[in-house]
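Okay, structure first, notes after.
The values are calculated or read from the model by the stated rules, or taken from the named source; none is laboratory data. Everything quoted here is computed from the prediction, not taken from an experiment. So basically every Cβ, Gly included, is an ideal-geometry build from the backbone, and we count neighbours across all protein chains shown. Side chains are part of the model used for accessible areas, which takes the heavy atoms of the whole protein and leaves out ligands, DNA and RNA. Shrake-Rupley method; radii C 1.70, N 1.55, O 1.52, S 1.80 Å.
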Amino acid sequence: KPLMESVETAKASKDAAMARLEDAQRKVDEIEFQLKMLNKEFDEANDEKFKAEQEAEELTSRKNLAKRLIDGLASENVRWGEEVKKLTSNKKTVVGDCILAAGFVSYVGAFDKELREELWKNQWTADLKSRGISISDGSDPMDVLSDEGRNSTMISEGLPSDRISLENGAIVNN
């Protein structure tokens, strides 16, 4: 009988140990499930964090581009403002300057430097002013007929760089 009691005690002890083992295994399974869920949440949070960092980097880049654009446009605003002021003041004298330039193209080509200057600087300018037609102060027909870019092109194509040659080039081009 003592052997049977010992077997029964061992069996009861084994059953209790098995119950504890099953309980422990259930707890381990629950903890592993929770760990798996937490790892999944962690991965999702990391993915979201990565996307947010990428979006922040993209937005920062766009912000910097926008700032550069705004700064560039601000300087253009200054330049355009100055150009508007210049054009507004030129509005009053453009007709007289164009008449002077048209007369220059039409009539002075055959004359030498002295006669050209006499005609447009003294006679035509005085005539326009006497008729009440405004012209720019120090008006020069070459300012209307050509610019530095055109003059450089003509010179690079073989035209001498003296004033008479540039005037003749402007007359031919206009």
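Structure above, values below:
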read-out	value
Residues of the chain: accessible area per residue with a 1.4 Å probe, Å²	79
Helix axis angle, 94-107 relative to the chain longest principal axis, alpha carbon, degrees	50
Assigned charges on the beta-carbon of Lys, Arg, Asp, Glu; segment 1-54 dipole about Cα centre (debye)	360
Sequence-distant lysines (8 or more away, or on other chains) whose Cα lies within less than 20 Å of Lys11	Lys1
Cα-centre dipole for segment 51-174 with unit charges at Cβ (Lys and Arg positive, Asp and Glu negative), debye to 20	480
